[in-house]
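Participant: Questions regarding the structure given below will be posed in turn.
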Amino acid sequence: MPLFRPRTRRTFRLSPTSIRKSALYLIIGFVLLFSLTSLGSYVQSKIQFSSVTLKKWTTHVSKETFISTLSMEIPALQLYNRLTGIQTPKASTLLLETAISFNPQDPRSLIRNELPGFALFDGHVVVAGQGVNYTDFPMESSPPLEVVMAQREAAFVEEEKASDKGTTEGDAGTPALTTEGRKVVLIYHTHNTESWLPHLPEEDNPSNAYHPEVNITLIGKRLGEELEKRGIGAHVDTTDITRKLHEANKPFAFSYAKSREVVQEVLAQQQDILFMFDLHRDALPRERTTTEINGKSYARTLFLIGGKNANFEKNQKFAERFHDLLEESYPGLSRGVFLKNGNGNGEYNQSLSENNLLIEIGGVGNTVDESYRTAEALADVIADLYWDAEKVNAKPEGKKM
């Protein structure tokens, strides 16, 4: 018996069943490859990878996350991150923000899209005044049209004007500096019928605090008068935006679009306008919008910046400067600077000028007199801001300013 058996050659034969399976798999592979290629070509023809597309994908990603992600490819941004303290996000954070619009660093992002009305608080407190937090975010409500247009009684008595600030000593009627008749400040009111509950008898609903005459335009007029006393020429626009909307059969939400038209008309006629202020009355209760200075009550201010404006940083810088000066002379008067993200109007016509601010003066529970005192305080600061700007932009000696 041999120790080793010679190997026999084996032959492999494919059965008909195996051949059919292989052919089927091959056909399926070709079909899938063809389908994917066709789908890719279709998507490429339909989607243009432009800045607009990129913006749509990243609107719900926080600025910090976006910048820190870009810095991975742009070394120059890494220095910016170090100076501002922005940390590189974790991969899980970036994935969550991109996929479900949830930023673990901002718990509000988890519920902002689920709770009706929560978008009103979708913003940032840039500079917080004394005792201010996110519950003090300004409130805007759309009033019933019949309330806005109604001719109702209002309890209001004009107070005596006694302020002589901004004038030279010994000549109370002549300010030390003047703009020589030039109108350099524009005051206007997008929500011109905003009124106050104390001046509306038998009314206790903040949503109904609107009046065609006793309203925020009175404060605009007083601010204009106080600026004139300080030598600052002011154009006070009292256009009835509400009535214009009613005549155009437009809802209250179109208020800013209509006031934008008004502002553009004024700017076309008044070439010297440098500062613009849209004055409003907040809907928050009195305890959050009132402060006492030297034994007198004032309606607190709040500066609102629209983040939808591409150049909002310039408006924000102006607001921060305004807030700082106001706090120096009237501590506690300013509630701070708030940045509103792209919900609602989003920019408040601030794209028209880097020196355009929306100022909330007091709330629904304040009075005209309290708001008047605030207007005088604002006039002091605006005058300082204007003359400081004139020093920076001063013309050479010998030329008229």
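Participant: Which of the residues spanning the range 237-259 are open to solvent by less than 70 Å² (accessible area, probe 1.4 Å) and in a helix (DSSP H, G or I)?
Facilitator: Answer for the range 237-259, where residues must be open to solvent by less than 70 Å² (accessible area, probe 1.4 Å) and in a helix (DSSP H, G or I): 241, 242, 245, 252, 255, 256, 257, 258, 259.
Participant: So, restricting to strands (runs of 3 or more DSSP E) that lie completely within the range 293-379, which ones have at least 1 residues that are open to solvent by 10 Å² or more (accessible area, probe 1.4 Å)?
Facilitator: Result: 296-299, 334-340.
Participant: Just the residues that are on the phi > 0 side of the Ramachandran plot and in contact with a strand residue (DSSP E or B) (Cβ under 7 Å, 6 or more places away or on another chain), please, taken from the range 294-332.
Facilitator: Taking the range 294-332 as the starting set, the residues that turn out to be on the phi > 0 side of the Ramachandran plot are 294-295, 332.
Answer for the range 294-332, where residues must be on the phi > 0 side of the Ramachandran plot and in contact with a strand residue (DSSP E or B) (Cβ under 7 Å, 6 or more places away or on another chain): just 332.
Participant: Which condition number in (1) buried (at least 23 other Cβ atoms within 10 Å of the Cβ); (2) outside any helix (DSSP H, G or I) is the one that residue 222 fails?
Facilitator: Here residue 222 clears every test but (2).
Participant: Here is a further query. Looking at the structure I just gave you, is residue 209 open to solvent by 10 Å² or more (accessible area, probe 1.4 Å), of a type in the set (Gly, Ala, Ser) and touching a residue at least 60 places away in the same chain (Cβ under 8 Å)?
Facilitator: no
The values are calculated or read from the model by the stated rules, or taken from the named source; none is laboratory data. Values in this document were obtained by computation on a predicted structure and should not be read as measured data. Quick reminder, even Gly has a Cβ in these numbers, built from the backbone with ideal geometry, and neighbours come from all protein chains shown. All accessible areas refer to the heavy atoms of the entire protein, side chains included, with ligands and DNA or RNA removed. Shrake-Rupley method; radii C 1.70, N 1.55, O 1.52, S 1.80 Å.
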